[in-house]
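Reading through the structure tokens given below for one structure.
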Amino acid sequence: MAAFPNLPQSGEISICERNGRICTLPITEVDASSAGNELSTYPEINIGRELFHHHASMQVREDRRTLMVPVNETLVKRITRTFFEEGPVEALQEAACEDNGQYNAIVGSLARYLLVLIGCGNRVKYFLKPHLKGQQGVDSIGKYTQTKEWHKSSIRYIRWHPNCFKIAIAASDDSIRIYSDEPTIVPILKSGLQKSISSMAWRNLTSGELAVGCQNGALIWSVDPNSLITRPLSQAVQLKHGNHFPVTSVEWSPNGCLLATASINDSDVLIWDVDQSKQVPLRRVGPPCALLKWSPTGSKLCSTTVGGVFRVWQTNKWSPDRWTVNQGTIQSVVWSRSDSHLLFVTSEDSFLYCLGFVEDEVFTSTLVPKSAIPIADLSKIAIGQAEVGGRPQALAWCPQSEYLAVTFKDTSAIAIFNTVINRSQISITPSCFLTGIGIESASCICFQEHQGRRSSEKLKTVLTIGWSSGRVQYFPFI
């Protein structure tokens, strides 16, 4: 990290890279057109501002509700409501609570007996599968997502469409907004099943099919590109199988035929044929899966777990190569455009690692140990008054495999590297740091995947940044 240039001066923000040089502007002059005509057609997005207006309107409704006269619920109604709103365990706890004005001794005794049985069952389960301990609840989802401070971030996930100019942004209110080059129409996807969104993926070779990973499994939305209404008439289709929920990662194969899903409650990766509503599990014994990443050609699928194990599947025969890390878990992975290299970072150290694949073999010689090699030290350093680097949060590699972006758990700046791949060799050099406005930190990042829709032929690629304030920034490489 010490080889990086200095951060932007105080009161300035980086707006683009032009001919290898970083262009900055004073914060007071930054607006949607700051980077020039190259981004004139890109939508201006501020999820934090939109959520604020939504919450303000909801508060007015809540104030009206306080004028309503409270109604005393019977014990049965209260237990039933708790069961549907919070779950069976919470309903039993409600029945066993002696502080209730309508407490029933027989019902309470039965509820406490069932809670003891559930507790015993959980202890046996955690003894047999210790990796499941602590993986319950919404907080466990945030631990394995690519979004920094997911549980309190306004922006939960960002995903560009691979075939057209369309971007999906998941917000903390469990809604998904679809932005395109038509700024007056912004479809909003919302469903009672869509809770705690952790990942999204557009289906390749379709214009409006979006897979969503959330607390209740995987959902499939079909958004009509010709619709002039903001709320789709069709509802999402739920994909749920056994205990395969919550789903923390969804990935379409590059040809759009198969959907892969992973859940931190299931050690199997599920491969779905969505059109036929069928699924086939990739069965393995061990820790549950957390993250999936399909290679650009579709020949390989990387699956990580909540433990130190990750696998690279050869999709022609669905046979895996098994790998382990010394400490922690895999935090983030990215593929090169030719499937020749897999870059990854772990949750406990500050190195960027690389696995090389040449003709389905790791490295070029069988004499070389089959292990990942560290190619960059991301350790935290001080530059002026600010700290940068540290434990990585997420990786994003542009479709051309020329620019790599890295966000960090403990610091707010984004590190940009230049990468060059020459067959089995990869070289990586520091480029710059990107910072937000004020105390903003990068929540999530992704590169624009679609290459055909460009305002200028000089525009190489665009890094999209979701800042903690809810502001979305486009950083072009020109």
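The values are calculated or read from the model by the stated rules, or taken from the named source; none is laboratory data. Because the structure is a prediction, the values reported are computed rather than measured. Here Cβ is always computed from backbone atoms with ideal geometry, including for glycine, and neighbour counts include all displayed protein chains. Ligands, DNA and RNA are stripped out before the accessible areas are found, and what is left, the full protein with its side chains, is counted by its heavy atoms. Shrake-Rupley method; radii C 1.70, N 1.55, O 1.52, S 1.80 Å.
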- Can you give the Kirkwood hydrodynamic radius of the stretch 243-371 from its Cα pairs, in Å with one decimal? 15.0
- Taking the stretch 393-478 and dividing mean pair separation by its residue count, relative contact order in percent (alpha carbons under 8 Å, at least six apart): 22
- How much FRET efficiency would the formula 1/(1 + (r/R0)^6) give for ALA3 and LYS409, where r is the Cβ-Cβ distance and R0 is 25 Å, rounded to 0.05? 0.70
- Round to a whole number: what % of the accessible area of the stretch 171-325 belongs to carbon and sulfur, probe 1.4 Å? 51
- Item | Label point distance in nm, HIS151-ARG123, each placed 7 Å from Cα along Cα→Cβ | 2.6
- Query: What is the dipole size for the stretch 380-478, taken about its Cα centre, with +1 at each Lys and Arg Cβ and -1 at each Asp and Glu Cβ, in debye to the nearest 20?
  - Reply: 160
- Message: Amide H of CYS214 versus every other amide H placed in the peptide plane: which residues, excluding those fewer than 5 positions away on the same chain, fall under 5 Å?
- Response: SER198, LEU219, VAL247
- Could I have the simple spin-label model distance between ASP99 and ARG423, label points 7 Å from Cα toward Cβ, reported in nm to one decimal? 7.1
- Could you give me the ³J(HN,Hα) list for the stretch 165-179, computed from phi with Karplus coefficients 6.51, -1.76, 1.60 and θ = phi - 60°, whole Hz, x at Gly and Pro? 7, 7, 10, 9, 10, 8, 10, 5, 8, 6, 10, 10, 10, 10, 10
- What FRET efficiency do you get for THR324 and SER379 if R0 is 30 Å and r is their Cβ-Cβ distance, rounded to the nearest 0.05? 0.85
- Query: Applying 1/(1 + (r/R0)^6) with R0 = 35 Å to the Cβ-Cβ distance of LEU110 and ASP224, what FRET efficiency is obtained, to the nearest 0.05?
  - Reply: 0.10
- Between ASP266 and residues 5 or more places away or on another chain, which pairs have amide H atoms under 5 Å apart, with H built 1.01 Å from N, and which residues are they? CYS289
- Item | Summed residue charge, Cβ within 11 Å of LEU239's Cβ, Lys/Arg positive, Asp/Glu negative | +1
- Run the numbers on the stretch 294-443 and let me know its relative contact order in percent, using alpha-carbon pairs under 8 Å that are six or more apart. 14
- Note on the structure: Computed D for the stretch 153-307, Stokes-Einstein, Kirkwood radius over alpha-carbon pairs, 4 °C, 1.567 mPa s, to the nearest µm² per second, is 83
- Query: Arranged from highest to lowest average of other beta-carbon atoms within 10 Å per residue, in what order do the peptides 85-95, 301-311, 190-200, 430-440 appear?
  - Reply: 301-311, 190-200, 430-440, 85-95
- Message: If amide hydrogens are placed 1.01 Å from N in the peptide plane, which non-local residues have theirs closer than 5 Å to the one on SER379?
- Response: GLY390
- Add +1 for every Lys or Arg and -1 for every Asp or Glu among the other residues with Cβ under 10 Å from the Cβ of ALA260, and state the total. 0
- Query: Using a simple charge model, +1 on the beta-carbon of Lys and Arg, -1 on the beta-carbon of Asp and Glu, nothing else, what dipole does the stretch 174-304 show about its Cα centre, in debye to the nearest 20?
  - Reply: 320
- Going by average Cβ neighbours within 10 Å, how do the peptides 161-171, 409-419 rank, with the highest at the top? 161-171, 409-419
